[in-house]
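Below is one structure, written out as structure tokens; comments come after it.
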Amino acid sequence: MPGAAPAAAHLDSYRATWRNKAALRAVYGDYYRRMVKQLNPGPTLELGAGSGQLREHLKGAVLTDIQTAPWLDAAADAQALPFRTACFENIVMLDVLHHVENPPQFFAEAARVLRPGGRMVMLEPAITPLSALFYRYLHPEPVDMGQDPFASPAASPERGPYDANQAIPTLLFRRQRARFEHHFPDFRLLLVRNLSLFVYPLSGGYRRWSLVPAFLVRPLLCAEDGLLVLLGPVMAFRLFVLLERR
Ligand SMILES: C[S@@+](CC[C@H](N)C(=O)[O-])C[C@H]1O[C@@H](n2cnc3c(N)ncnc32)[C@H](O)[C@@H]1O
């Protein structure tokens, strides 16, 4: 099991990009608002909080990451959470599940720390025919549709906090949903939705460039919402997932 890694310079540079890039704040602000809307009232844990931007949208959330940083409340590996059983009402994760080495171990831990009826909301890469081209050829993280996401691999001492397989969420919640429900009966899948057509990739995310001016992000996201039912299955870049602890 990987322990907490030391503070990384990446997190400081992500915070600087957040401060300097209005289009990034507009796109991710929309993500955080959608996630917060789904939460129950009560104590909320964020895993893989990285540069810590959830705090702008949800005061009082407990922000954690496997890396340490001064703005985080604790170092916590999602696969071995340093919290009491049933002490959280919600778990929030933005782009974290696909970095977790051992998904079964993570889901067992998440089920343990959530109260019955508690919620877990995640936003992750979606692998669709068009997004797959972008994620495979223009994104540094791998896409391995052949991995068994229900296997429990032995912990690798070389693994870093950004090692990933972007296919994991799509495999768990779309391609092998029936297996998910069989393997993790503690969770009910309340919502699995496509999100993000063109605005997110054009914004460049945490890269310094953006092809969309910040003032156009909101109106374009409204237009996207109207197109998601039609175009989502072919080109959505994001998967929005809401689970409930039984
Ligand atoms: C792509 S970043 C996302 C950061 C942040 N949520 C955001 O959207 O800006 C993935 C984060 O997950 C963290 N992470 C990776 N493996 C983890 C694990 N096993 N437990 C907790 N956090 C982990 C990394 O350190 C990193 O901060």
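Each value in this text was obtained by applying a stated rule to the coordinates, not by laboratory testing. Note that the structure is predicted; figures quoted are calculated from it, not measured. Because the Cβ atoms are built from the backbone with ideal geometry, glycine has one as well, and the counts that use them run over all protein chains shown.
Mind telling me which of the residues 86, 108, 80, 69 ends up being surrounded by fewer than 21 Cβ atoms within 10 Å (Cβ to Cβ), within 25 Å of residue 16 (Cα to Cα) and more than 13 Å from the chain's Cα centre (by Cα)? Full working, then the answer.
Working: 86 fails: within 25 Å of residue 16 (Cα to Cα); 108 fails: within 25 Å of residue 16 (Cα to Cα); 80 fails: within 25 Å of residue 16 (Cα to Cα).
On inspection, the qualifying residue turns out to be 69.
Any idea which of 149, 161 is assigned to a loop (DSSP other than H, G, I, E, B), within 26 Å of residue 116 (Cα to Cα) and within 19 Å of the chain's Cα centre (by Cα)?
Just one listed residue meets the conditions, 149.
Kindly indicate which of 198, 150 is of a type in the set (A, V, I, L, M, F, W, C) and in contact (Cβ under 8 Å) with a residue 40 or more places away in the chain. Write out each step before concluding.
Working: 198 fails: in contact (Cβ under 8 Å) with a residue 40 or more places away in the chain.
It is 150.
So which of 147, 166 ends up being surrounded by 13 or more Cβ atoms within 10 Å (Cβ to Cβ), in contact with a strand residue (DSSP E or B) (Cβ under 8 Å, 6 or more places away or on another chain) and not hydroxyl-bearing (Ser, Thr, Tyr)? Don't jump to the end; show me each part of the working.
On the way: 147 fails: in contact with a strand residue (DSSP E or B) (Cβ under 8 Å, 6 or more places away or on another chain).
When all the criteria are applied, what remains is 166.
Name the one entry in 171, 190 that is in contact (Cβ under 8 Å) with a residue 24 or more places away in the chain, away from the ligand (no atom under 16 Å from the Cβ) and touching a Pro at 6+ places or on another chain (Cβ under 7 Å). Break it down stepwise before answering.
Details: 190 fails: touching a Pro at 6+ places or on another chain (Cβ under 7 Å).
On inspection, the qualifying residue turns out to be 171.
Need a quick list: strands (runs of 3 or more DSSP E) entirely within the stretch 29-132 having at least 2 residues that are among the charged types (D, E, K, R) and more than 15 Å from the ligand (Cβ to nearest atom).
The qualifying strands (runs of 3 or more DSSP E) are 114-125.
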